[in-house]
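Shown next, in structure tokens, is the structure this report addresses.
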Amino acid sequence: MLRIAICDDQPKELQIINEYITEYITKYLDNQSIETEMKEFDHPDSLLTAMEAESFHLYVLDIVMPMVSGIELGKEIRRLDREAQIIYTTTEPQYALQAYAASPINYLIKPIDKQQLFDTLTLAVSKIDLSQEQTFTVKTAESLRVLKLSDLLCCEYRNHAVSFTLANGEEVISRTIRESFGEYCSSILKDVRFLQCHTSYLINMRRVERFAKDSFTLRSGKVVPIAAKQYPVVRDQYMNFLMAKEVHR
């Protein structure tokens with residue numbers, strides 16, 4: 001599913017952009033069977049709060065907003081997610097140079113030209129990898145849970161079970177597993193975003209905040225150890241992941 005966030009403190013502008021994107025989805029995405037979810041935010045703080053529990057593929061941001069400017073908002077989005085696509089919309093062309101600190105895909109001047117927005121959306125969608133909607137099914141003591149891999153921060157093997165830490169802070173614990181941790185998580189490790197950095201830990205590299213010789217620090221603040229003997233391999237795999245992301249941006 002393609003998730004889109006629009007943030008503009010002017011209700012009329014928010015409505016116009018929503019209508020344009022809705023028309024674009026109907027014309028160009030529905031016939032490609034691309035599911036979409038669009039959310040509106042009338043203040044940057046509300047978007048920042050939402051981002052604590054969920055992520056978006058595409059952000060359409062106004063520049064001049066109260067408390068937190070669209071430029072600062074874009075920088076924070078980029079800090080959290082190097083792959084997200086950002087489109088700026090504004091009445092103020094003088095901020096264009098500053099805006100590129102967040103690596104936006106385009107900077108559109110209001111009133112928005114609909115075809116220009118459509119062309120920018122097409123470019124943005126072409127750069128988004130929707131394969132991240134892959135899932136993993138976990139048998140817990142109470143039920144079956146289907147977890148989105150994009151929501152997963154890390155997995156930890158302990159007490160013959162696997163603990164899954166999600167972006168919203170929730171912890172999901174599997175029933176006792178009989179196979180090895182690596183075998184249990186083998187389908188997750190086929191996803192290029194995931195790395196086993198220790199015999200008992202697996203991380204989502206998209207969720208890394210800091211990389212050190214002995215550990216990864218995730219966005220939640222959780223510190224995941226790196227096995228000393230595995231460090232050279234872990235370092236190379238993580239660096240390759242970062243370089244691949246830069247190539248595709």
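A short reminder: the numbers here are calculations on the coordinates, not readings from a lab. Remember, it's a predicted structure, so these values are computed and weren't measured experimentally. Positions of Cβ are backbone-derived with ideal geometry, glycine not excepted, and every protein chain shown enters the neighbour counts.
Taking other residues whose beta carbon is less than 14 angstrom from the beta carbon of residue 107, and scoring Lys, Arg as +1 and Asp, Glu as -1, yields -3.
Going by the alpha-carbon gyration tensor, a ≥ b ≥ c the square roots of its eigenvalues, is the chain rounded (a/c under 1.5) or, if a/c is not under 1.5, prolate (a/b greater than b/c) versus oblate? Numbers along the way, then the final one.
On the way: a/c = 2.24, a/b = 1.84, b/c = 1.22.
The shape class here is prolate.
Panel order for 206, 219, by other beta carbons found within 10 Å of each beta carbon, from fewest to most: 219, 206. Here residue 177 and residue 15 are evaluated by their C-beta separation; at R0 = 45 Å the FRET efficiency comes out at 0.35.
From its DSSP helices (H runs of at least four residues, each -39,500 (n - 2.57)), the chain gives a residue-normalised ellipticity at 222 nm of -9000 deg cm²/dmol. Judged by the gyration tensor of its Cα atoms, with axes a ≥ b ≥ c, region 134-248 is prolate; a/c meets the 1.5 cut and a/b is the larger of a/b and b/c.
Sorting 37, 156 from the fewest to the most surrounding beta carbons within 10 angstrom yields 37, 156. Spatial offset of region 218-241 relative to region 152-208 amounts to 14 Å, using the alpha carbon center of each. Taking a straight line from the alpha carbon of residue 110, these lysines sit under 27 Å away, with near neighbours fewer than eight places off in the same chain left out: 12, 27, 39, 75, 127.
Annotation: lysines with alpha-carbon distance below 29 angstrom to residue 139 (same-chain offsets under eight excluded): 148, 190, 222.
Cβ-to-Cβ counts within 10 Å put 58, 123, 218, 29 in ascending order as 123, 29, 218, 58, the fewest first.
Computed from Cα positions, the angle between helix 231-248 and the longest principal axis of the chain comes to roughly 20 degrees. Note down the relative contact order for region 124-226 as a percent, whole number, built from C-alpha pairs under 8 angstrom at least six residues apart. After rounding, I find 17 percent. In percent, what relative contact order does the chain have, based on Cα pairs under 8 Å that are 6 or more apart in sequence? Relative contact order for the chain comes out at 12 percent. Annotation: the antiparallel percentage among DSSP beta bridges lying fully within the chain is about 60.
Each of 130, 67, 159 was placed along the dipole of the chain (beta-carbon charges, centred on the mean Cα), and the one lying farthest toward the positive end is 159.
Shown here for region 71-133: GluC sites (Glu not before Pro) in loop regions (DSSP other than H, G, I, E, B) with at most 16 other Cβ atoms within 10 Å, namely 83. For GluC sites (Glu not before Pro), the sites in region 160-249 that DSSP calls loop and that have at most 14 other Cβ atoms within 10 Å are 170, 179. In this label model, residue 32 and residue 215 are separated by 4.2 nm, measuring between points 7 Å along each Cα→Cβ vector.
Only one residue of 144, 18, 34 has its Cα farthest out toward the positive end of the dipole of the chain, where Lys and Arg carry +1 and Asp and Glu -1 on Cβ, and that residue is 144.
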